[in-house]
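Everything below concerns the one structure shown next.
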Amino acid sequence: MSLLELPNELILMIGKHLNSQSSIKALMRTHSRMNALLRKSLYATIKEFDRRRVFSWACKRGNLDLATELRGWWENYGHRLHYDNKHTPLTIAAFQGHVEIVKLLLDRDPSIINKVADRKGTAIVYAAIGQHIEVVKLLLSYPALLSQEKIGKYFNPPEYDYHCRTPINAALRYANEELFQLLMADSRMELNEDSLNAAVAGGNPAEHGQAAIVKILLARKNGEIDGRDMVRRTPFSHAAEKGHLDIMKMLLQAGEIDLDSRDRENRTPLSFAADEGEEEVVRFLLSFNAVSVDLKDDRGNTPLLYAAGIGAAGVVKMLLASGANPESRNSKGQTPLSYTVSERKFRNAFRVHPGDPTERYHLAYLLQGRSLYVVDSFRNEYAQDKNTAIPSEWDLKTPSKSNMMKPTTYNALEVMKQLLALQEVDPDSRDNEGRTPLSWAAGVSQAQAVELLLSTKNVDMKSRDNGNWTPVQYAFSGTRPLPREPEDYM
């Protein structure tokens with residue numbers, strides 16, 4: 001007689017006598033009938049000390065059967081405990097959008113609907129952050145739910161969502177109009193002084209702006225037009241960073257705005273706009289005499305350094321025309337020229353293919369003072385290596401496919417040309433590490449950048465930094481081995 005021919009009662013009896021979870025699981029995997037019959041036997045083997053973790057896992061994954069089985073334990077102990085001292089099972093289920101789990105928990109104890117785990121937020125706040133409309137509707141149906149504005153003043157939202165103290169602000173932050181209208185229809189949901197900041201900051205869905213909602217908020221006059229959020233930023237600053245020129249103009253028309261407002265890192269709206277390559281916004285800001293073009297933040301960076309660091313040639317040109325100092329140094333001793341070739345964004349956008357031997361041999365000739373020999377045969381042989389991906393484009397001004405930066409922010413060569421054309425710019429300036437722009441360019445195997453610097457006739461190819469490294473040493477510090485010497489192709 002096979003196991004499947006046994007009556008259910010006997011199978012359950014076998015499950016009770018199995019002494020380990022692994023044994024029960026092995027039997028459950030034999031057939032769907034075994035899986036259904038022995039599930040409770042498996043749950044019964046969960047150790048007391050492990051039940052909090054398992055129950056929280058069930059709430060996170062939406063496992064209603066397991067959550068129901070452990071509900072009795074949770075009623076006695078679990079609802080007084082916070083999972084990992086950050087979230088309750090209810091906030092976990094709400095954030096994940098598991099309506100049935102949320103209902104299971106609230107039907108047993110509606111009072112937990114207003115519980116705040118480690119001052120991080122209530123269930124409805126997390127449901128709004130997760131944009132789970134059905135969960136929000138369920139939570140709004142409970143009379144025990146209190147005004148979120150009263151609760152919201154006493155907790156800190158997650159660091160990555162610092163605008164989301166209330167459900168409405170979460171809806172504004174993520175540009176979810178349906179959720180916003182649903183919450184606004186409930187008298188317990190209120191706008192507050194941070195709602196305007198949340199709307200202007202916007203998430204990915206709001207990249208095209210929320211001018212209509214901002215107009216509604218300005219008409220309601222909820223909060224200050226120039227109010228500060230948790231990181232001391234204003235709506236105007238957020239709009240400048242996002243490139244929302246229409247919203248910036250609306251804010252200026254609505255009242256007095258500090259055009260050079262500083263956040264907690266002392267960054268200004270112009271600094272944020274320059275760092276994003278927002279040419280229209282930068283042009284608009286520079287039209288005001290009240291905007292300072294060279295204000296430094298806590299890192300010592302000016303708007304020009306930020307624009308140079310992302311290769312925003314158009315923004316760099318405007319800032320230089322407005323009197324920006326091309327030799328301003330940040331806290332690392334870097335000038336805009338040095339910052340251009342040392343920034344990570346430069347490496348992402350300016351290097352087509354890391355460790356490309358053709359580029360590195362070109363670099364070797366330049367740093368040795370020799371003329372470049374174009375070795376097409378070398379490139380062809382390198383292309384025969386099946387383990388190596390050859391880029392389709394060799395022009396360094398063409399970003400790689402993985403580069404998602406804006407079209408205005410990867411022309412690092414043009415930025416270098418603009419800066420080197422200025423008489424006051426020192427092409428061989430040293431930063432606090434003793435490194436020069438040539439050293440940084442060589443370190444990322446950028447022959448065209450090196451060639452541009454060498455063409456000035458004012459750089460030292462043998463300069464050594466504080467670690468006694470030369471540009472040549474940086475050029476050949478990569479891990480990709482060179483397959484053959486250039487001389488082999490001559």
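The values are calculated or read from the model by the stated rules, or taken from the named source; none is laboratory data. Here the structure is a predicted model, which is why all the values come from computation and not from measurement. Note that each Cβ is placed from the backbone with ideal geometry, even for glycine, and that neighbours are counted across all protein chains shown.
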With the checklist (1) at pLDDT 75 or above; (2) crowded, with 16+ Cβ neighbours inside 10 Å; (3) hydrophobic (A, V, I, L, M, F, W, C) in hand, flag the one item Leu396 doesn't pass. (1)
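For (1) surrounded by fewer than 22 Cβ atoms within 10 Å (Cβ to Cβ); (2) touching a strand residue (DSSP E or B) at 6+ places or on another chain (Cβ under 8 Å); (3) modelled with pLDDT under 85; (4) not acidic (Asp, Glu), each residue gets a yes or a no:
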position	(1), (2), (3), (4)
Cys164	no, no, yes, yes
Pro167	no, no, no, yes
Ala212	yes, no, yes, yes
Ala219	yes, no, no, yes
Among Gly300, Gly309, which is the only one that is more than 16 Å from Lys242 (Cα to Cα) and under 21 Å from the mean Cα position of the chain (by Cα)? Gly309
What number goes with the only condition from (1) closer than 21 Å to Leu251 by Cβ; (2) modelled with pLDDT of 85 or more that Leu179 does not pass? (1)
List the number of the failed condition for Asn289; all other conditions in (1) touching a Phe, Trp or Tyr at 6+ places or on another chain (Cβ under 6 Å); (2) more than 23 Å from Pro437 (Cβ to Cβ) hold. (1)
